[in-house]
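Asker: Before I ask anything, here is the structure I am working with.
The values are calculated or read from the model by the stated rules, or taken from the named source; none is laboratory data. Bear in mind the structure is a predicted one, so any value in this text is a computation, not a measurement. Glycine gets a Cβ as well: all are built from the backbone with ideal geometry, and neighbour counts include every protein chain shown. Accessible surface is based on the protein model in full, side chains and every heavy atom, while ligands, DNA and RNA are left aside. Shrake-Rupley method; radii C 1.70, N 1.55, O 1.52, S 1.80 Å.
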Amino acid sequence: MGFVVAVVFCIVVSESWSLQSLTFPKEFKFGVATAAYQVEGAWNISDKSESTWDRLLHTHPSLSDDGSNGDVACDSYHLWRRDIEMAVELGVDMYRISIAWTRLLPNGFANYISEDGKRFYNNLIDGLLEKGIEPLVTIYHWDLPQSLQDLGGWANPLVIDWYSDYARVVFTLFGDRVKTWITINEALVICDGGYGKTWVPYIDDMAIGGYLCNKHVLLAHAKAYRMYDEEFRPLYHGKVSISNVFFWYEPETPEDEEATKLTIQMWEGRYAHAVYSKAGGWPPEIEKFLAANSKREGYPTPRLPPFTQEEIDYVRGTYDFYSLNYYTTRLVRRVKPEEAGSWIFYGNKELGIAIVNDPSWPMASFDWFAIHPEGLRKVLHWINNTYGVSNVLITENGLPTYDASLYDFNRVSYIKSHLEQILLAIKDGINVIGYTAWALMDNFEWLSGYTVKFGLYSVDFTSPNRTRTPRESARFYSSVTRTRSLNTTRHGLNYY
Ligand code: PNW
């Protein structure tokens, strides 16, 4: 026993010692991330039309914790030059932005392109490139044109064409300069959140609408990917993927092992298996489980709509890398049906599970946010083992705080400990190609409004100038990007 403890101790100590001397590979890209609705503001400037987020929060302001919305947000529509300057200060290689569908195509459809929208994104993309920073562009980060929502949004199969027509405009306008694309951000939140009535469009219909949405986002992504492959890749040689939020899950007790595997497939596999696995389609265990539920409830066909073989082949393999948003790890336990669903997403009820926190892990602002960096390395291994995909771009990772202080040592330690896990995963042979920290600056954190901060830069939302000020985490991150290591020693002292 003593020997085992000593060996484990030595491994842990030697891992952390060697981490100080390890550097990130030359090709590894550091970045920061934002999304249109959370930073741009200018919600109705020029010919921009109303998005689902505009509508929801204008008509139901009490849904956000401080009654706020993204009408002005960080005012990046006007202050984008300062945002680029901050990216330069941080020394990053990449800046992840998203495009607002309603700013570029106010009708929702591709028959009319806004000159103002085109100019805004051209300026931002060119401005970044002038500074040697690569724009990483998310085509859809949750702000659907309200006019399309009125036609059924993501539950209507026509959305596959609406979305891919929009994507064609985006690729055509910006594809010469943007080389890395995310088609759709976190489809889990779009469908399970949106139809589980915890997110826009705030509809209570997960049992049917949520699963229709699930299938349609995958087909919409695949259509955009195939279009890029055929029409744009030969010209521009870029890379395309879809981002998934992937919480790591561990069983609370050994008896919860099976339930945990199913939970991972429910939350991640349902949005990734069709794209990344060799077989394609829904994760078989989830398809079976939900088909049995549907049958028991008397439905003639499964509520999770089956894929045809043609659709399976169409979606399978539509990625050039895995785009991973990792924040937290949680515990799973099987429960009686009446106790199930003790978390924001409806699917827990379907599975008969509860998701809880390990009491020994520190918690951040949200009740779902346990801090467990080791989970990131486990997720990277799981993706590699399950799908045989080893090139992963981490497109989000960051710490929420209610504290707006500039001395955010907790954020420094969160980012540092997650970067450590990335270094270890790289040492294990996983090809992590980059990391974009969420977020460049404080912004509109959806239903938490402005109460929760994620920024490396703080933003003064009471000032019309939305003054941005670097936090301690910005200083830390810029020393990481400059040294390309976690050895951020200054003046002979280890600063962090
Ligand atoms: C991601 N959940 O959102 C988004 O991509 C960002 O826009 C967002 O600001 C960031 O994470 C921080 O929250 C999530 O409830 C929102 O599981 C909610 C969940 C997960 C991710």
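Asker: Just one of Gly91, Gly153 is over 25 Å from Gly398 (Cβ atoms) and modelled with pLDDT of 95 or more; which is it?
Answerer: Just one listed residue meets the conditions, Gly153.
Asker: Check the stretch 2-10 and report whether any residue there is more than 16 Å from the ligand (Cβ to nearest atom) and either at pLDDT 95 or above or closer than 26 Å to Arg482 by Cα (or both).
Answerer: no
Asker: Arg177 passes all but one of (1) open to solvent by 30 Å² or more (accessible area, probe 1.4 Å); (2) in contact (Cβ under 8 Å) with a residue 12 or more places away in the chain; (3) assigned to a helix (DSSP H, G or I); which number fails?
Answerer: Among (1) open to solvent by 30 Å² or more (accessible area, probe 1.4 Å); (2) in contact (Cβ under 8 Å) with a residue 12 or more places away in the chain; (3) assigned to a helix (DSSP H, G or I), the lone unmet condition for Arg177 is (3).
Every residue, every condition in (1) crowded, with 19+ Cβ neighbours inside 10 Å; (2) within 16 Å of the ligand (Cβ to nearest atom), yes or no:
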site: Trp162; (1), (2): yes, no
site: Tyr166; (1), (2): yes, no
site: Leu173; (1), (2): no, no
site: Asn185; (1), (2): yes, yes
site: Pro201; (1), (2): yes, yes
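Asker: Checking the structure you have, find out if any residue of the stretch 388-407 is open to solvent by 20 Å² or more (accessible area, probe 1.4 Å), farther than 27 Å from Ile242 by Cα and of a type in the set (Asp, Glu).
Answerer: So in the stretch 388-407, the residues open to solvent by 20 Å² or more (accessible area, probe 1.4 Å) come out as 388, 390-391, 402-407.
From what is left, the residues that are farther than 27 Å from Ile242 by Cα are 402-407.
Pick out the ones that are also of a type in the set (Asp, Glu) and you get 403.
Yes: one or more hits.
Asker: Out of all the residues in the stretch 402-435, which are touching a Phe, Trp or Tyr at 6+ places or on another chain (Cβ under 8 Å) and either within 16 Å of the ligand (Cβ to nearest atom) or aliphatic (A, V, I, L, M) (or both)?
Answerer: Once the filter is applied, which keeps residues that are touching a Phe, Trp or Tyr at 6+ places or on another chain (Cβ under 8 Å) and either within 16 Å of the ligand (Cβ to nearest atom) or aliphatic (A, V, I, L, M) (or both), the stretch 402-435 yields Val412, Ile415, His418, Leu419, Ile422, Leu423, Ile426, Val432, Ile433, Tyr435.
Asker: (1) at pLDDT below 95; (2) more than 25 Å from the chain's Cα centre (by Cα); (3) of a type in the set (Ser, Thr, Tyr): which one isn't true of Tyr299, the others all being true?
Answerer: (1)
Asker: Go through (1) more than 16 Å from the ligand (Cβ to nearest atom); (2) more than 20 Å from the chain's Cα centre (by Cα) for Asp320 and report which single condition fails.
Answerer: So Asp320 meets the others, but not (2).
Asker: Could you check how many residues of the stretch 16-40 are surrounded by fewer than 21 Cβ atoms within 10 Å (Cβ to Cβ) and in a loop (DSSP other than H, G, I, E, B)?
Answerer: The number of residues fulfilling the criteria is 5.
Asker: Right, next: How many residues does the stretch 219-229 hold that are open to solvent by less than 10 Å² (accessible area, probe 1.4 Å) and closer than 13 Å to Asn156 by Cα?
Answerer: Filtering the stretch 219-229 down to residues open to solvent by less than 10 Å² (accessible area, probe 1.4 Å) leaves 220-222, 224, 228.
Next cut, closer than 13 Å to Asn156 by Cα only: 220.
Counting residues in the stretch 219-229 that are open to solvent by less than 10 Å² (accessible area, probe 1.4 Å) and closer than 13 Å to Asn156 by Cα gives 1.
Asker: Inspect all residues belonging to the stretch 126-141 and state whether any of them is part of a loop (DSSP other than H, G, I, E, B) and under 23 Å from the mean Cα position of the chain (by Cα).
Answerer: For the stretch 126-141, residues part of a loop (DSSP other than H, G, I, E, B) and under 23 Å from the mean Cα position of the chain (by Cα): present.
Asker: Look through the stretch 189-205, keep the residues that are assigned to a helix (DSSP H, G or I) and closer than 14 Å to Gly152 by Cα, and return whichever of them is nearest to the chain's Cα centre (by Cα).
Answerer: Residues of the stretch 189-205 that are assigned to a helix (DSSP H, G or I), as a first pass: 189-193.
From what is left, the residues that are closer than 14 Å to Gly152 by Cα are 190-191.
Values: Ile190: 11, Cys191: 14 Å.
Per the stated criteria, the residue is Ile190.
Asker: Can you pull out the residues in the stretch 211-242 that are of a type outside the set (S, T, N, Q), outside any helix (DSSP H, G or I) and out of contact with any helix residue (DSSP H, G or I) (no Cβ under 6 Å at 6 or more places or on another chain)?
Answerer: His237, Gly238, Lys239
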